[in-house]
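Shown next, in structure tokens, is the structure this report addresses.
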Amino acid sequence: MTTLSQTKELFRRAEAVCFDVDSTVIKEEGIDELAKFCGVGDAVTEMTRKAMGGSMTFKKALTERLSIIRCSREQVNKLITDHPPQLTPGVRELVDRLHELNIKVFLISGGFRCIVEHVATQLNIPLNHVYANRLNPLREYAGFDESQPTAESGGKGKVISMLKEQYGYETVVMIGDGATDLEACPPASAFIGFGGNVVRPQVKERSSWYVTSFGELLKELEKI
């Protein structure tokens, strides 16, 4: 694990920064909001807690949560329209500053692409910089495309390895709140734990740099 000072230095000279989305870039967990919208919020929230805590494989948790929700694609679209994702304070300013510094920004999420693309558009992040799960609308209720790397535990690390190979990045930093984000380092050069929306103790304990606001990261970029 990198030290605090090493992590800060890697962040300042990163070629790319990858953000988790649910409870990091946005305040809520998208799948929990979908479950509430479909009237099965409590059951799904508990399963999300287990998945983010690392006590259940991500794919198993995603499969079981979708089988409880049994949502249609129309319900997902209506959720986005009626209850659009709420950006975490400071993330817009941070992403803008990273773009100004010509640091590439990616969103890597275990959530659904249709929701994450909405977030990316608000932050001026190109849609080809979005990696997330795709709902499969060909069933009576939406399943998901199990071939996407983000459908698996360890999927975020696979995406980062792919980005390093595709673009030749040497320094890639991952920022997120959950166990699936922490496990993406390595191949990420460094991991920054984010607790601005929810604090997950095992992530906080294992992060050499743990922040509770994006202002802390913006402040670090002032040193460039």
Criterion violated by THR121 - all others in (1) part of a helix (DSSP H, G or I); (2) modelled with pLDDT under 85; (3) assigned by the TED database to the domain that holds VAL198 satisfied: (2)
Scan segment 99-118 and report the pairs whose first residue is within 21 Å of GLN86 (Cα to Cα) and in a strand (DSSP E or B) and whose second residue is open to solvent by 50 Å² or more (accessible area, probe 1.4 Å) and among the charged types (D, E, K, R), with Cβ atoms within less than 8 Å and a gap of 6+ or a chain change. PHE112/ARG134
Give the residue that is most open to solvent (accessible area, probe 1.4 Å), with candidates limited to residues of segment 3-26 that are of a type in the set (A, V, I, L, M) and more than 8 Å from the chain's Cα centre (by Cα). LEU4
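Here's the yes/no breakdown for (1) open to solvent by 10 Å² or more (accessible area, probe 1.4 Å); (2) modelled with pLDDT of 80 or more; (3) not in a helix (DSSP H, G or I):
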| residue | (1), (2), (3) |
| --- | --- |
| SER55 | yes, no, yes |
| THR63 | yes, no, no |
| LEU66 | no, no, no |
| GLN75 | yes, no, no |
| ILE80 | yes, yes, no |
Residue hits (segment 76-107; under 22 Å from GLY196 (Cα atoms), among the hydrophobic types (A, V, I, L, M, F, W, C) and touching a His at 6+ places or on another chain (Cβ under 7 Å)) are VAL105, PHE106, LEU107
Looking only at segment 82-106, which residues are surrounded by 15 or more Cβ atoms within 10 Å (Cβ to Cβ), closer than 15 Å to SER213 by Cβ and among the charged types (D, E, K, R)? ARG92, ARG97
All but one of (1) in contact with a Ser or Thr (Cβ under 6 Å, 6 or more places away or on another chain); (2) farther than 30 Å from ILE224 by Cα; (3) surrounded by fewer than 18 Cβ atoms within 10 Å (Cβ to Cβ) hold for ASP32, so report the exception by its number. (3)
What residue, of LEU217, LEU182, LEU163, LEU221, is closer than 21 Å to ARG12 by Cα, surrounded by fewer than 18 Cβ atoms within 10 Å (Cβ to Cβ) and of a type in the set (A, V, I, L, M, F, W, C)? LEU221
Could you grab the pairs with beta carbons closer than 7 Å, sequence gap of 6+ or different chains, first residue in segment 189-205 and surrounded by fewer than 17 Cβ atoms within 10 Å (Cβ to Cβ), second one of a type in the set (A, V, I, L, M)? GLN202/ALA179
Check off (1) assigned to a helix (DSSP H, G or I); (2) in the same structural domain as CYS185 (by the TED database); (3) of a type in the set (S, T, N, Q); (4) more than 14 Å from VAL173 (Cα to Cα) for THR7 and give me the number that stays unchecked. (4)
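The values are calculated or read from the model by the stated rules, or taken from the named source; none is laboratory data. Predicted model, so just to flag it, every value in this text is computed and none were measured. Reconstructed Cβ throughout: ideal geometry from the backbone, glycine too, with neighbour counts over all protein chains shown. Each accessible area value is taken on the protein alone, full model and side chains, heavy atoms only, with ligands, DNA and RNA left out. Shrake-Rupley method; radii C 1.70, N 1.55, O 1.52, S 1.80 Å.
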